[in-house]
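Reading through the structure tokens given below for one structure.
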2 protein chains.
Amino acid sequence: MCEANVYIRTGDDQEELFFEQVDIIEPFEEGLRLVDIFGKQKFINAKIKDMNLLNHRIILEKLQTVAVK
Amino acid sequence: MCEANVYIRTGDDQEELFFEQVDIIEPFEEGLRLVDIFGKQKFINAKIKDMNLLNHRIILEKLQTVAVK
């Protein structure tokens, strides 16, 4: 099976597991919609930062909400 | 093997094969850097539109250069 595990970059060399065995990733509004192999879906306001398919790893980066100074 | 074939959306229901057996996709400048399982790389000014890992399909959408009217 060729699903991937999706991680969120939380720091320079830190990643946090967000969703396992993901099959589908597509844009949804400002962020992404992810669907795993069981059909469960998650939404996240993030963009794809890095993908390594042979290692089954996809890294996301959260989008910041714009702070008005 | 879990590499994917990368297509470019050229029309509403049309896609064109761009790069086969891709392992790595990462941001590069305004677009993407893709590396296949043999280490060959390609650059494209595009973003990821859709991914279906079980079907080994990744769809890109070309980024338009901004036209000044």
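Only the coordinates and a few stated rules stand behind these numbers; no lab work does. As the structure is a computational prediction, the values presented were derived from the model and not from experiment.
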Relative contact order computed over region A:1-66 (Cα-Cα under 8 Å; 6+ residues apart), in percent: 31 percent
Reference-scaled alpha-carbon Rg (2.2 N^0.38 Å with N residues) for the protein assembly as shown: 1.05
Debye log10 I(q)/I(0) for region A:4-62, one point scatterer per Cα, at q = 0.21, 0.24, 0.28 Å⁻¹: -0.74, -0.97, -1.26
